[in-house]
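The values are calculated or read from the model by the stated rules, or taken from the named source; none is laboratory data. Just so we're clear, the structure is a prediction, and the values are computed from it rather than from any experiment. Every residue, glycine as well, gets a Cβ built from its backbone with ideal geometry; the counts of neighbours run over all protein chains shown.
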């Protein structure tokens, strides 16, 4: 007797898919809740913003002095009339430096003490006052127009304007003690070089006068040759000064620096050949002593003239810059508040409430639809 064996395999039922039609049903079922709850939340958020103090925004802007890169390149390249030295390299604009200076701890602390911001911001520590001031003050550098704009938010309209203007005042005070601009740096550098060159020139002149004068010296080494030697030695020194100045702003592998070093090496070699030729041609000790003193004097005289010329160029460039900062807009007390933006905050609160409520309703309806019905 054959027995029929039947094997039954139970397959779990797939949960029904939750499509757009189901979403429409959920929305229609809870339409009143989805409409009224976000409106209530938005109204409550708007009411809360009425309790917030008004925020006033004051704005000021200024034009930083333009760096004169061409003047720097021309000044250094003209030291000793050395040809073929190339450009110094692009000089970075100082606008970013001015922004960084206004955001520095020194300027920030002066503003905190000047306007008693620790009391105004109710800050327990100075670092908290710095953080709040940084959040309320926006310093932006316009990349197209080059203007530096300062915007300050504050609950007091007068303090907002005073703080914005005080940023520029503190920057001017700081700049008066610093050599920030390229012309100021050149003027200070060449001023020191000029003082040293003047001292050496006076000493060489005294030594020349003490050496006496000999006709045989002039016959052995004409004056034109001595002048040429002094000029060549001065160019070597000027090239050394140029390389020193370039090393402060360029890396060792920069093409401009390598070219300047090559030119310096060539000038030193030419000077060495001239010195050897002069030593061979010089007759007696008396004439040679006078010639060496005369060449030393011409060297220091030429070098003094070069540094004096560059010092005057730097002074002219510095005076041409005029006031370090050219104020464009002066901050005045704002007429109406810029914040809080009550409508935007209320709309954001209502939209966020709608999103949360809709997600909650959909998840709840989907969980209910997937639960097995009790038999």
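Worth pointing out:
- Selection over segment 131-156 of residues that are without any contact (Cβ under 8 Å) to a residue 12 or more places away in the chain and part of a helix (DSSP H, G or I) gives a count of 2.
- Hey, residue 159 outside any helix (DSSP H, G or I) and outside the structural domain of residue 245 (by TED's automatic domain parsing) or not: no
- Flag if residue 265 is assigned to a loop (DSSP other than H, G, I, E, B) and either assigned by TED's automatic domain parsing to the domain that holds residue 160 or modelled with pLDDT of 75 or more (or both): no
- Where a residue in segment 111-122 is in the same structural domain as residue 166 (by TED's automatic domain parsing) and in contact (Cβ under 8 Å) with a residue 24 or more places away in the chain and its partner, wherever it lies, is surrounded by 13 or more Cβ atoms within 10 Å (Cβ to Cβ) and part of a loop (DSSP other than H, G, I, E, B), with Cβ under 8 Å and at least six apart: 120/156
- Residues of segment 26-56 that are surrounded by 13 or more Cβ atoms within 10 Å (Cβ to Cβ), farther than 18 Å from residue 355 by Cβ and modelled with pLDDT under 85: 46, 49.
- Filter result (surrounded by 17 or more Cβ atoms within 10 Å (Cβ to Cβ) and more than 21 Å from the chain's Cα centre (by Cα)) within segment 137-155: 153, 154
- Of 253, 230, all but one fail to be more than 35 Å from the chain's Cα centre (by Cα) and either assigned by TED's automatic domain parsing to the domain that holds residue 313 or at pLDDT 75 or above (or both); the exception is 230.
- If you go through segment 167-192 and keep only what is modelled with pLDDT of 85 or more, surrounded by 19 or more Cβ atoms within 10 Å (Cβ to Cβ) and farther than 15 Å from residue 95 by Cα, you end up with just 170.
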